[in-house]
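The structure appears right after this line, and notes come after that.
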Amino acid sequence: MVEGNDQTQIFYLPFNTTGLGSSNGGRLWVQQSQRTGELPVTESPKQKAFRKRTQKVCRTTGVYIYRFMVAHPRLTPSVNKNMYSAMIRESDDVLFAPDAIHYLSTVGRVKSWDMEFAFKVDENYENVVRASNFVIEQMYEHAQRGEFPFNMPLEMRFIKASQMMMSNAYDDDPEAVYCTMEVLSMVYTKG
């Protein structure tokens, strides 16, 4: 799935199932991008403009929803579950590269605390599984205590190594794969 695409992002959506135990499973949102020159773009300029306007309205609404969650942390699981089920849709679109990369044009306007890591992926992706499971298990341990410090999606991006010396994905092997993992929380979230 990762190496067969030009870009792969995986999002773990916290508290997207009923209950507060990690054994309840969860939901992943996977975005895969592949270059193509053969198909026409599926989004017309009018559709793109409508999507951008809709995202702006959703962002404004989302900011208030997140603020509500920060003020009432015990409601985080219910709010997230409903928000994510309304947000995620399955699609197979052909977009211009900038639109595919910046598909959520307003996401950067939601103020959040961001802790990001980058690490070289091992041969079987076992270190990715361990790292993501650690974050998810910590989230549910805190939830059992009524604490919700992690209230936004866990984002994982997979990229090929960079030859740029200062890159956090620098490697002599250009075929090496790196995972960047972001743990996000709405600003002013306690914990």
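Numbers below:
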quantity	calculated
Most mobile listed residue (R53, R35, R145) in the chain, GNM with C-alpha springs under 10 Å	R145
Given K56/K111; K56/K190; K48/K160, the pairs whose alpha carbons are separated by over 18 Å	K56/K190; K48/K160
Which of P98, F158, T60, positive extreme of dipole for segment 7-186 (C-beta unit charges)	T60
Convex hull per residue volume in Å³, alpha carbons only, for segment 7-186	136 Å³
Order of V2, V129 - criterion: other Cβ atoms within 10 Å of each residue's Cβ, fewest first	V129, V2
Label-point separation, R74 to A176 (7 Å along Cα→Cβ), nm	4.8 nm
Dipole axis of the chain (+1 Lys, Arg; -1 Asp, Glu on Cβ), positive-most option in Y12, L75, W113	L75
10 Å beta-carbon shell around D93, net charge (K/R +1, D/E -1)	-3
FRET efficiency, 1/(1 + (r/R0)^6) with R0 45 Å, evaluated for V94 and H142 via beta carbons	0.65
Residue-averaged 222 nm ellipticity for the chain, from DSSP H runs of 4+ at -39500 (n - 2.57), nearest 500	-11000 deg cm²/dmol
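Read the figures in this text as sums done on the coordinates, not as results from a lab. None of the values given here were measured: they were computed from a predicted structure. Note: ideal-geometry Cβ built from the backbone for every residue, glycine included; neighbour counts use all protein chains shown.
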